[in-house]
Amino acid sequence: MKAYTFWFITGTQTLYGDEVIHQVNEHANIMAAGWNDDARIPCTIIPKGAVIDAQSIKETIMAANNDPACAGVITWMHTFSPSKMWIPGLKRLQKPWLHLNTQFNRDIPWGGIDMDFMNLNQSAHGDREHGFIGARMRMPRKVISGFWQDDTVKARMGHWMRSAVGAYESNRLKVCRFGDNMRDVAVTEGNKVEAEIKLGWSVNGYGVGDLLRYIDAVSEAEIDAKMEEYRMRYDMATENIEAVRYQAREEVAMRRFMEEGGFGAFTNTFQDLQQMRQLPGLATQNMMRDGYGFGAEGDWKLAGLGRVMKLMAKGLPGGTAFMEDYTYHMEPGREAILGAHMLEVDPDIAADRPKIEVYPLGIGDREDPARLTFQTGSGKAIVATLVDMGDHLRMIVNDVEACTPYEDMPKLPTARVMWKPYPNLYTSAEAWIQAGGAHHTILSYQLDAEHLRDFCTMMDIEFVHIGADTKMEAFEKELLLSDMLWKLR
Ligand code: MN
């Protein structure tokens with residue numbers, strides 16, 4: 001995460017003389033050093049010193065745009081910095097923007113305060129002038145207000161940085177589609193041109209025959225090496241080693257295909273396997289464990305979203321996984337959702353050591369596929385999805401509480417997660433369904449709704465949140481207004 005950099009740009013002006021500019025620079029350096037030493041700040045903050053006029057503002061912002069390591073800019077007005085000076089620069093800003101409203105001094109120096117102090121420490125009104133131009137130019141931005149050394153402020157800055165890392169990675173993501181979407185399914189479809197314009201994703205399809213040539217070319221030695229990796233990571237709980245070896249072959253081939261093409265996420269579908277002998281299960285799961293995004297049934301939107309969320313979440317405790325709302329538990333007082341997928345549950349969220357097992361798969365009409373099975377943990381989580389409303393992309397996020405399944409399910413041949421959605425199962429489901437939420441989601445124990453809300457602001461797509469406070473009447477009205485707003489944009 002430290003490789004992503006954020007430029008800290010401090011606003012002032014020439015009015016107060018060189019000594020003030022010198023002090024502004026000094027303070028900005030001290031602040032950046034303090035932040036970079038704090039574990040709450042996951043990325044690197046680079047102090048870019050004081051900007052004093054329209055020219056230096058524009059040059060600094062254009063340099064930030066052109067720096068390939070720069071994932072965002074943080075602005076703060078130490079003194080007053082007349083914001084017409086900021087227009088030429090802000091017009092050109094292409095990176096996520098955090099406006100920090102803080103002050104170098106925490107307390108008013110009661111006995112010593114004089115006009116020099118007042119001139120130097122003007123964030124209280126300097127940041128309001130700065131805020132006006134952001135609002136006037138209708139620019140998407142995050143505003144955080146608080147003392148710069150405060151733990152909450154640092155945590156919120158770090159939190160926003162993760163969203164910006166998501167934007168950074170989103171803008172360079174390539175998604176590989178092996179075959180098309182599952183036939184007749186609506187929600188996994190979408191406008192790939194819109195996805196590239198808004199999210200930066202390059203989404204392209206390849207014939208399964210292209211992958212089959214890679215599968216055929218995998219050597220026995222490569223399969224042996226992959227089998228060794230499987231044994232290191234997982235328990236071999238099957239006698240059917242041949243089935244596992246075939247998954248190893250598929251994985252080596254898919255990885256090679258994706259490395260050569262620079263892909264971070266992929267899809268496939270059980271309806272288009274051609275000569276593939278098994279639907280990739282273990283192969284896909286082991287790739288997701290290493291950070292690849294995946295969408296089943298051709299769901300490229302969730303493949304991309306999973307990849308982006310995994311990179312945003314890097315280093316946080318818990319895991320992030322492709323998921324599907326499978327079946328309900330409707331016992332009064334203990335209502336919950338059982339999530340799973342027929343094979344491809346990401347071991348990133350495993351709470352025990354996954355087992356490799358082989359079972360028949362009722363659909364796809366192929367040999368029995370090897371897959372990983374495991375239990376998952378409890379705790380706060382979110383489920384997120386991305387749908388195409390025809391005229392805009394909508395992200396829907398529901399806060400949930402993952403819980404241990406109430407009883408064992410010894411006959412279920414797949415990994416599973418159980419969760420209670422907020423505010424409760426039925427309101428959550430009604431809101432989700434009203435909003436058009438998909439059956440595929442990305443479940444994350446690592447991220448929260450605000451990570452994705454900030455991400456949606458950066459990418460200029462609609463964000464819909466279902467949480468503890470959701471009430472249907474207000475939700476439906478909000479959804480209607482939001483939909484109208486996004487139609488007009
Ligand atoms: Mn599915």
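Okay, here's what the table says:
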| read-out | value |
| --- | --- |
| For region 63-129, projected area of the alpha-carbon convex hull averaged over all directions, nm² | 5.4 nm² |
| Helix-derived mean residue ellipticity, 222 nm - over the chain, DSSP H n ≥ 4, -39500 (n - 2.57), to 500 | -12000 deg cm²/dmol |
| Sparse-neighbourhood loop sites, chymotrypsin sites (Phe, Trp or Tyr not before Pro) in region 387-456 - DSSP loop, at most 14 other Cβ within 10 angstrom | Tyr406 |
| Computed FRET value (nearest 0.05) for Asp150 with Gln434, which takes r as the C-beta separation and R₀ as 45 Å | 0.70 |
| Computed P(r) (all Cα pairs; region 129-281; 10 Å bins; percent) | 9, 25, 25, 19, 13, 8, 1, 0 |
| Ile30 versus Arg334: modelled label distance in nm, points set 7 Å from Cα along the beta carbon direction | 5.9 nm |
| Hydrodynamic radius (Kirkwood) for the chain, which is based on Cα pairs only, to one decimal in Å | 24.4 Å |
| Length-normalised contact order of region 1-56 in % [C-alpha pairs under 8 Å, at least 6 apart] | 55 percent |
| Cα-projected label distance for Leu15 with Gln55, points at 7 Å along beta-carbon direction, nm | 2.1 nm |
| Gained length - Arg92 relative to Ala468, 0.36 nm times residue gap less alpha-carbon distance | 131.5 nm |
| For peptides 37-48, 217-228, sequence by mean Cβ density within 10 Å, most packed first | 37-48, 217-228 |
| Centroid-to-centroid separation of region 342-400 and region 162-215 [C-alpha atoms, Å] | 18 Å |
| Likely footprinting exposure, Ser83, Ser202, fewest C-beta neighbours within 10 Å first | Ser202, Ser83 |
| Overall Cα dimensions of region 1-158 - principal axes, largest extent first, Å | 46, 35, 26 |
| Two-site label geometry, Cys403 and Thr427: point separation in nm, points 7 Å out along Cα→Cβ | 1.6 nm |
| Relative contact order of the chain, pairs being alpha-carbon contacts under 8 Å that are 6 or more residues apart, as % | 12 percent |
| Reachable lysines from Lys48, criterion Cα separation under 24 angstrom, eight or more residues apart if same chain | Lys2, Lys58, Lys84, Lys91, Lys95, Lys142, Lys154 |
| Gyration tensor over alpha-carbon atoms, region 384-446, equivalent ellipsoid semi-axes in Å | 26, 14, 11 |
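Values in this text are rule-based calculations from the coordinates and carry no lab data. Because the structure is a prediction, the values reported are computed rather than measured. Reconstructed Cβ throughout: ideal geometry from the backbone, glycine too, with neighbour counts over all protein chains shown.
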